[in-house]
1. I'm trying to understand the selection: among the residues of region 207-239, which are closer than 23 Å to residue 288 by Cβ and surrounded by fewer than 13 Cβ atoms within 10 Å (Cβ to Cβ)?
2. Can you spot a residue in region 266-279 that is surrounded by fewer than 22 Cβ atoms within 10 Å (Cβ to Cβ), in the same structural domain as residue 158 (by TED's automatic domain parsing) and modelled with pLDDT under 95?
3. Among the listed residues 118, 84, 109, which satisfies the condition of being surrounded by fewer than 16 Cβ atoms within 10 Å (Cβ to Cβ), within 14 Å of ligand 4 (Cβ to nearest atom) and not assigned by TED's automatic domain parsing to the domain that holds residue 206?
4. Across region 89-117, which residue is farthest from ligand 1 (Cβ to nearest atom) among those that are on the phi > 0 side of the Ramachandran plot and modelled with pLDDT under 95?
5. Determine which single condition residue 61 fails, assuming it passes every other condition in (1) more than 28 Å from residue 49 (Cα to Cα); (2) away from ligand 2 (no atom under 16 Å from the Cβ); (3) not assigned by TED's automatic domain parsing to the domain that holds residue 322.
6. For residue 124, state whether it is without any contact (Cβ under 8 Å) to a residue 40 or more places away in the chain, in contact with a strand residue (DSSP E or B) (Cβ under 8 Å, 6 or more places away or on another chain), within 30 Å of residue 80 (Cα to Cα) and within 16 Å of ligand 3 (Cβ to nearest atom).
7. Filter region 240-258 down to the residues that are touching a strand residue (DSSP E or B) at 6+ places or on another chain (Cβ under 7 Å) and buried (at least 18 other Cβ atoms within 10 Å of the Cβ) and list them by number.
8. When you scan region 155-267 for strands (runs of 3 or more DSSP E) that lie fully inside it, which ones turn up with 1 or more residues that are without any contact (Cβ under 8 Å) to a residue 40 or more places away in the chain?
Ligand SMILES: [Ca+2]
Ligand SMILES: [Ca+2]
Ligand SMILES: [Ca+2]
Ligand SMILES: [Ca+2]
């Protein structure tokens, strides 16, 4: 009995010293109260000698224990205990978010390691696909010229294009980024595997965009944008625009914008960067676009971001045509590798 009295007194002192638990801890305690078993919470208790032991405490004592440095091993209640926890699975890489744990599915494009395997957005690369745009005779319909060589590589991160004639046009596009803010697009990069004789030519970059209010356009880069920073690059042309033929203020929350004689998009007298475009402007699915506004040289299909080769024969007549691999797109700080 004497021993029990001593223990009770010690516990009283212990908890008296912890009465000023903050509201967060009280919230934690309340959250833990809602879990079973009734009235008890499992914690990793710091024994004071460097050791940590698993104990169960009453819920109304939890806040005091937390204030002393004890921890709830599964603080978000998703069934997985925190990495380094004294009990349980000890593999929850974010124990403050119940949607993140080793049993969760990886969510693409959120920049988060949802399934705690140490890799952010694995198997989430954009699936680019090859497609034909135009024959040498200007037709935009199949059958395509039989002498066009167009094939994607096995890894799905690049393709080969070759042709003996001018006028033809092909593309490599993805719908993966549809719905993303265009001003978060940072760069597009790849490895040259075969370069035509005219090294100045690179595939055009076309980005379909909309404000969701009926305004549509294609933003395009035709010079050497490969690997450059779209947040500072000021060479963005505008094409295939719809109802608005001259006024591009919709891209900039009403600020006056226009297209200059060289087809570049201009804001307040200066060529724009992608980062200057309004948060409201999203990468778009071209299938929304009225056919009347789309020229015969524009990419079709459901590909909001496209790399376009074509027009001029000399661009593609190197012995192996033009080949790229290792295509990547960086958006909102995440580097996406193209995959199949
Ligand atoms: Ca957890
Ligand atoms: Ca978690
Ligand atoms: Ca992951
Ligand atoms: Ca993710």
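The values are calculated or read from the model by the stated rules, or taken from the named source; none is laboratory data. Predicted, not measured: the structure shown is a model, and the values here were computed from it. All Cβ positions, even for glycine, are placed from backbone atoms using ideal geometry, and neighbour counts span all protein chains on display.
1. Passing the criteria: 212, 213, 214.
2. Yes, because at least one residue in region 266-279 is surrounded by fewer than 22 Cβ atoms within 10 Å (Cβ to Cβ), in the same structural domain as residue 158 (by TED's automatic domain parsing) and modelled with pLDDT under 95.
3. Exactly one of 118, 84, 109 is surrounded by fewer than 16 Cβ atoms within 10 Å (Cβ to Cβ), within 14 Å of ligand 4 (Cβ to nearest atom) and not assigned by TED's automatic domain parsing to the domain that holds residue 206, namely 118.
4. 109
5. It is condition (1) that residue 61 fails.
6. Criteria not met by residue 124.
7. Answer for region 240-258, where residues must be touching a strand residue (DSSP E or B) at 6+ places or on another chain (Cβ under 7 Å) and buried (at least 18 other Cβ atoms within 10 Å of the Cβ): 240, 241, 248, 251, 252, 257.
8. 216-221, 237-239, 257-259, 265-267
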